[in-house]
1. Those residues that are open to solvent by less than 30 Å² (accessible area, probe 1.4 Å), farther than 19 Å from V138 by Cα and among the hydrophobic types (A, V, I, L, M, F, W, C), I need them from the stretch 176-197; list them, please.
2. Residue check, D297 against (1) of a type in the set (D, E, K, R); (2) modelled with pLDDT under 95; (3) in contact with a Leu (Cβ under 6 Å, 6 or more places away or on another chain), all met but one. Which one?
3. I need a count of the residues in the stretch 158-210 that are of a type in the set (D, E, K, R), over 21 Å from G113 (Cα atoms) and in contact (Cβ under 8 Å) with a residue 12 or more places away in the chain.
4. Could you grab me the full set of residues in the stretch 329-356 that are over 13 Å from I61 (Cβ atoms) and of a type in the set (V, I, T)?
5. Just for the stretch 258-273: of the residues that are part of a strand (DSSP E or B), of a type in the set (S, T, Y) and at pLDDT 95 or above, which one is least open to solvent (accessible area, probe 1.4 Å)?
6. State whether the residues of the stretch 163-175 include one that is open to solvent by 40 Å² or more (accessible area, probe 1.4 Å), of a type outside the set (K, R), within 26 Å of V127 (Cα to Cα) and not in a loop (DSSP other than H, G, I, E, B).
7. With (1) out of contact with any Asp or Glu (no Cβ under 7 Å at 6 or more places or on another chain); (2) open to solvent by less than 20 Å² (accessible area, probe 1.4 Å) as the list, and C160 as the residue in question, which single condition is left unmet?
8. Give, as residue ranges, the helices (runs of 4 or more DSSP H) completely inside the stretch 290-404 that count at least 3 residues that are surrounded by fewer than 15 Cβ atoms within 10 Å (Cβ to Cβ) and either touching a residue at least 60 places away in the same chain (Cβ under 8 Å) or of a type in the set (D, E, K, R) (or both).
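The values are calculated or read from the model by the stated rules, or taken from the named source; none is laboratory data. Nothing here was measured: the structure is a model prediction, and the numbers come from that model. Here the Cβ positions follow ideal geometry from the backbone for every residue, glycine too, while neighbour counts run over all protein chains shown. Ligands, DNA and RNA are stripped out before the accessible areas are found, and what is left, the full protein with its side chains, is counted by its heavy atoms. Shrake-Rupley method; radii C 1.70, N 1.55, O 1.52, S 1.80 Å.
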Amino acid sequence: VKIAGGGLSSSQGKAGGKGSDKLVASVRKGWVKMTNRYYQKIPLYDMQWDGLDISQCHVAIAPFGGLIAVAPDEAKRESKDLTTPQSVALRNKVRIYTAAGKFVSEFRWPYKGLVGMGWTDDERLVVVIADGKELVFVYSMHGDCDNSFSIADCKHVADCEIWPNGLVVRAGGGCDFYAVQGWDSPRITRLRTPHVAYKPAAMVCIPPLLSPTRNLQVLLANPKGPIDVLTHEGCQEVMGTMRDERNFTEPVVKMALSPSGRYLATVNGTGTLTVLEADFSSTISEFITRHSRPPLDVAWCGEDSVLLYWEQILIMVGPFGAYVAFKYPGALPGALRLQTEIDGCRVVTKMKTELLRRVPEANESIFKPGSKQPPALVMAASRAYERSDILADLCIRQLRQGGSG
């Protein structure tokens, strides 16, 4: 008798075991295979914020299934209809929602020129503005302002990058960079500037806890080709990877750091995705997208696949160049927001939130079609027992003999 683990044939399943069959079908729902690995798109929530158009807003999503902050984006909303209930409710305010879009709190926002928002480790909202006596504001999840402060000699913020315990800002009118570490008693330092002033096409921070040197590193995509690595000690120009001696042939326009800080995903102007060791020692993989325009966003899905987002399509690129595409018909630019999680990536849209993830090894060993792993044999024995099928005894015998045979 050939035993196919968790994947018994349909003829064997007709006699009964409908409860187990429904369990298997529900677990396998949404599985897609890339090379030898399975990934899954799981619907999490129907959003409760009554169709809020996030494509016209600043959005900050806290990791680990956390809160979502939404603020009006003046530049995008000037030409839009602002008479809808949600647009009126958001005017001159910042709103905080649960991961399912349920309203939590709001606070008045009288400032112009919002540059960026992000979340701290203790789930406080950090908001950075371009101009003002104070440039950084820290709010509790209930909308109370816990702290606000200026940034040394920085009078204007051009852009910023926020991580859970700090941020880096680029001062406007030049190429001066300032690092802020801590929120209640912030320590503000000036980083070494690149040799030539320029506006970086992309900026990524490697926090001290993830950096191999245990010091803050800031990666800047130079429009002329190389990547500059800024620290408190100096600026290093990186032309390519060291071990395999592969140079950057085109300027990088998008970058994303993996959750562990070990890998860096880059996309250049020709649409080529390259995954590198974050210390630039070697190249892991390359993928040619064949898109004439760079993606709107790049994010990691856990630690072993990368998501590329265009207006109506989301491409997941896995190891060895395999990929799968998810379509979102009618989606406007910015209508999808991606938040990397340690085990996947949350995809937040106007109407729903989904989780893209690699299928856990435990689930795969049990429910993968044709699996003969011991957990799959236990599942097969259970399904056969529900049908009073002698196959249950055969599965148990095979387990006692040491697994698949």
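1. Across the stretch 176-197, the qualifying residues are F177, L191.
2. (2)
3. 3
4. I342 - this is the single residue of the stretch 329-356 that is over 13 Å from I61 (Cβ atoms) and of a type in the set (V, I, T).
5. T266
6. Initially, the stretch 163-175 is screened for residues open to solvent by 40 Å² or more (accessible area, probe 1.4 Å), giving 164-165, 173.
Still in the running and of a type outside the set (K, R): 164-165, 173.
With within 26 Å of V127 (Cα to Cα) added as a condition, the list becomes 164-165, 173.
Narrowing the set further to residues that are not in a loop (DSSP other than H, G, I, E, B) leaves none.
No, because not a single residue in the stretch 163-175 is open to solvent by 40 Å² or more (accessible area, probe 1.4 Å), of a type outside the set (K, R), within 26 Å of V127 (Cα to Cα) and not in a loop (DSSP other than H, G, I, E, B).
7. Against the list (1) out of contact with any Asp or Glu (no Cβ under 7 Å at 6 or more places or on another chain); (2) open to solvent by less than 20 Å² (accessible area, probe 1.4 Å), C160 comes up short only on (2).
8. Fully inside the stretch 290-404 and qualifying: 391-400.
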